[in-house]
Amino acid sequence: MRTVLASDLATTVQAATTVESPSIHYAAIAPILVVLGTAVVGVALEAALPRHRRFTVQAVVAALGIVAAFATTVWIATGLDPVGDGDVTARGEITAAGAIAVDGPAVFTWGLLLVFGLLGVMLFSERRLDSGLSAFTGQAAAAPGSSDERKVTQMRIEHGEVFPLALFALGGMMYFACANDLIGAFIALEVLSLPLYVLCGLARRRRLLSQEAAMKYFLLGAFSSAFFLYGIALTYGYAGSFNLAEIDAAVSSQIGSSNLLLAGMALIAVGLLFKVAAVPFHAWTPDVYQGAPTPVTAFMAAGTKVAAFVIMLRIFFVAFGGARWDWAPMIWGIAIVTMFFGAIVTIAQTDVKRMLAYSSIAHAGFLLVGFAGAYEGASAAGLTSVSAVLFYLTAYGFAVIGAFAVVTLVRDAGGEATHLGRWAGLGKESPLLASAFAIFLLSFAGIPLTGGFIGKWSVFAAAWSGDAWPLAVCGVVASVIALFFYIRVVVLMFFAEPQGEGPTVAVPSLLTSSVVVVAVAVTIVLGVVPGPVLELVQQAGVFVR
């Protein structure tokens, strides 16, 4: 008897300690691995290279890594296999034991984030605007205004670590967009957030404002992460799983307490709405956009919004799709408040960076309008909610990066001249630069022949097809309100006389000039010839379950 019991016990212990390794299709997630691997290489280079070579080498390595990841993304996109049948056919696969979904929305988002990442690295690398130094402080640990800081500036020391930090944030964004379980989404959220907290506090000029912005972003971001994690715990308590498909099965079967599910969805929504800067979780946005180094603001404004909206769509359509009538009213209310709040408060702004921050809040509201549309039933234009939001994010991302690139070029003795009064007469000082900024503003306003017009049309059409026509009407009204301020800035640049000294435009290197040119070109092409990108987002508009 003892022998039998000992044998059974040994068998049980062996079975309990035997862990089957998950099957991971490494080729399918190669772009994320390339970006994170390049970031690790950058950390090693920072420790190995002489100080005077670090910044340039880090910039080149980061750019090469992003280009390699983009090439890999294109290769993956051409090989996505159809999954399922019927009218709605997804393309892609689920790998890493169900933790990662490599599907159309994920791969499209990867490509978009990598392009934004490359443009961001180009802005990070600009050294001609500030006496041959970058926008980042040479020694983050030095107190602002101290002798140590002045000494570091005289020695022309620069932080090369900004490039690995940007790559870690970019890798987190890419993982965030394809996470197929809630724990993976939380890890990705932290991976993308922590480097951004650090980058926001590294401005060379206005260090105190930059450090204040970083601290506010960190504290509020930590609170939002706690809400997100608590929501994950409640959802696990309801469904017994972190996997999105299994949560969907539990929601559809109504196996648990509805109160537990509602609380979990609400807390997860808080964490994600913070990242997209929706009201009432927007308070960090103006201060962080204003205080962070402008290249970081540009990268963050485009990349974070893209990743956060895609994971929000994935979680609420894939995991919580069966409870749509429970969370839809919340999205409706937040969308309306966010659109009007952003549009109205923008009018009162006198700082360009804060103006763009409140503009981003309004655009979060417009994107939530598309969120309320039909996921599987396409609109009259052939667009689902996912497709419409992806196109809008594309148009907005290029325009906002270009706008902040222009901000870096309008300067005075104290650095960037962000007060609107200093922009009066910019059209006479630099007609090309003022015209570029005007194009971005008109795109934000949704004027025809710009990408912003097609973007707003797509999300409004998706909302209309999803019986959310009141949201579309509110979106049109909010767009008209916001148009007043955008046009006022255009009039200020081209028709107002400068008070005192006129604006001074710095001569950028090829890097910043290329960013502005690319952003202008894409904004116009998306408005004039949107067909190819619309077709691409239509093909990439269905999640794999």
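Worth pointing out:
- Residue in region 318-328 that is crowded, with 24+ Cβ neighbours inside 10 Å, out of contact with any Leu (no Cβ under 8 Å at 6 or more places or on another chain) and in a helix (DSSP H, G or I) present: no
- Long-range neighbours under 8 Å by Cβ, at least six apart or interchain, first residue farther than 26 Å from Ser359 by Cβ within region 261-288, second among the charged types (D, E, K, R) and assigned to a helix (DSSP H, G or I): Leu261/Asp326; Leu262/Asp326; Met265/Asp326
- Residue count for region 262-310, restricted to those that are part of a helix (DSSP H, G or I), of a type outside the set (Ser, Thr, Tyr) and under 21 Å from Val400 (Cα atoms): 25.
- Residues within region 222-261 that are surrounded by 16 or more Cβ atoms within 10 Å (Cβ to Cβ), in a helix (DSSP H, G or I) and not hydrophobic (A, V, I, L, M, F, W, C), tallied: 8
- Scanning region 522-537 for residues that are surrounded by fewer than 18 Cβ atoms within 10 Å (Cβ to Cβ) and either within 21 Å of the chain's Cα centre (by Cα) or charged (D, E, K, R) (or both) yields a total of 1.
- Every test in (1) in contact (Cβ under 8 Å) with a residue 60 or more places away in the chain; (2) in a helix (DSSP H, G or I) is passed by Gly333 save one, and that test is (1).
Per-residue answers, yes or no, for (1) under 21 Å from Leu192 (Cα atoms); (2) among the aromatic types (Phe, Trp, Tyr):
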| residue | (1), (2) |
| --- | --- |
| Pro31 | yes, no |
| Phe55 | no, yes |
| Thr78 | no, no |
| Arg91 | no, no |
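- Applying a threshold of 7 Å to beta carbon distances and a minimum spacing of six or more residues, or different chains, the list of pairs starting in region 211-231 at a residue that is free of Cβ contacts under 8 Å to residues at least 40 places away in the same chain and closer than 21 Å to Pro293 by Cβ and ending at one that is of a type outside the set (A, V, I, L, M, F, W, C) and assigned to a helix (DSSP H, G or I) reads Phe218/Tyr197.
- Conditions (1) touching a residue at least 60 places away in the same chain (Cβ under 8 Å); (2) closer than 29 Å to Leu133 by Cα; (3) out of contact with any Phe, Trp or Tyr (no Cβ under 9 Å at 6 or more places or on another chain); (4) surrounded by 15 or more Cβ atoms within 10 Å (Cβ to Cβ); number of the one not met by Val518: (3)
- Counting only helices (runs of 4 or more DSSP H) that sit wholly inside region 385-489, not one has at least 3 residues that are modelled with pLDDT of 90 or more and among the acidic types (Asp, Glu).
- Among the residues of region 56-75, the one identified as touching a Ser or Thr at 6+ places or on another chain (Cβ under 6 Å) and either closer than 15 Å to Ile29 by Cα or among the polar types (S, T, N, Q) (or both) is Gly65.
- The residues listed here are Ser253, Ser225; of these, the one that is at negative phi, small (Gly, Ala, Ser) and in contact with a Gly (Cβ under 7 Å, 6 or more places away or on another chain) is Ser225.
- Residue in region 357-380 that is in a helix (DSSP H, G or I), out of contact with any Pro (no Cβ under 6 Å at 6 or more places or on another chain), on the phi < 0 side of the Ramachandran plot and at pLDDT below 90 present: yes
- Unmet criterion (only one of (1) in contact with a Lys or Arg (Cβ under 8 Å, 6 or more places away or on another chain); (2) buried (at least 24 other Cβ atoms within 10 Å of the Cβ)) for Asp412: (2)
The values are calculated or read from the model by the stated rules, or taken from the named source; none is laboratory data. Predicted model, so just to flag it, every value in this text is computed and none were measured. Note: ideal-geometry Cβ built from the backbone for every residue, glycine included; neighbour counts use all protein chains shown.
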